[in-house]
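Single-structure report; data block below.
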Amino acid sequence: MKIAIQGEPGSFSHEAAAKLEPSAAILPLALSAEVFAALDDKRVDAAVIPIENSLAGSVLEHYDLLLRYDVKIERETLLRIRHNLIAMPGATIGEIERVFSHPVALAQCKKFLAAHPRMEALAFYDTAGSVKQLIELGDRQAAAIASEAAARYYRAQILEANIEDNPENFTRFFLVRRTAESVANPEANKVSLAFTLENRPGSLVTALNALSEIGTNLTKIESRPVHGKPWEYIFYVDCQIRSFEEGSGAADALRSHCGMVKELGRYREARG
């Protein structure tokens, strides 16, 4: 299987893809839109995308892309996020003046950075990409915040491990395939749905009550603006289901009350 990810080799998305499909070939791409385009035009068989972090929240762009493309969520996994201060081989922590990483990673290591005021935090497009950059430049005064896998991949040195503020740091990832090629999992116990509502009082409550009446357990709800229609929204929900067939029932329950309903996928819920 060939899988597209957003980010460089050694990134957390790379780790998640390897966890889901250990023998897969990985296609790293710079932008999430490029990942979905590669899946859509059949350059890859699947994509692995982060959808939610336990501390930073949802990756909102990915909800928009899941709706835009004819794809289905086939599996999910949870990855424990461990941040490390990574530098050139032989560098010492006292030499570091600049620290590069993705803005979310920097925000999750505020206590470490505050304890080292000499280090200037600088945003970069990718955690693993920041390691790649410092190795290419050979800059002993620069460091990156990234995964242990990134340090191994680029043959860099971990100066300090597990520098994140909160150890309860997990990211949920989806494995996504083209709808025509997705494989139904009869053991699915979770469904993701997107729907729109009329702009009238009580419409959201009515839709959620319809899910409740068939015994579906709502575990997450997210809203996104409808492009080109100010103050109108698309709602995304995750629901626990007791059988594969109940996923169809949840979608049908919403169709009675919603202008648009799209099932994004039925899959087995990941456990930490």
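For region 217-226, the criterion of being more than 23 Å from the chain's Cα centre (by Cα) and touching a residue at least 12 places away in the same chain (Cβ under 8 Å) is met by no residue. Total residues in region 148-171 satisfying the condition of being in contact with a helix residue (DSSP H, G or I) (Cβ under 9 Å, 6 or more places away or on another chain), under 30 Å from residue 38 (Cα atoms) and part of a strand (DSSP E or B): the figure is 1. Look at residue 162 and say whether it is within 30 Å of residue 67 (Cβ to Cβ) and among the polar types (S, T, N, Q). Criteria not met by residue 162.
The single residue among 68, 75 that is basic (Lys, Arg) and in contact with a helix residue (DSSP H, G or I) (Cβ under 7 Å, 6 or more places away or on another chain) turns out to be 75. State which residue pairs qualify: first residue closer than 24 Å to residue 157 by Cβ and inside region 1-16, second residue acidic (Asp, Glu) and not in a helix (DSSP H, G or I) in any location, beta carbons under 7 Å apart, and separation of 6 or more residues or different chains. Every condition considered, the pairs that remain are 7/126; 8/126; 11/126. One residue alone among 74, 8 is part of a loop (DSSP other than H, G, I, E, B), in contact with a Gly (Cβ under 7 Å, 6 or more places away or on another chain) and not hydroxyl-bearing (Ser, Thr, Tyr), and that residue is 8. Of all residues in region 39-54, those satisfying the criterion of being out of contact with any helix residue (DSSP H, G or I) (no Cβ under 8 Å at 6 or more places or on another chain) and either of a type in the set (Phe, Trp, Tyr) or buried (at least 18 other Cβ atoms within 10 Å of the Cβ) (or both) are 39, 52.
Evaluated against (1) under 26 Å from residue 61 (Cα atoms); (2) not hydrophobic (A, V, I, L, M, F, W, C); (3) not in a strand (DSSP E or B), residue 238 falls short on exactly one condition, (3).
We did not get these values from a lab; they are worked out from the coordinates using the rules stated. Just so we're clear, the structure is a prediction, and the values are computed from it rather than from any experiment. Neighbour counts run over all protein chains shown; Cβ positions are idealised from the backbone, glycine included.
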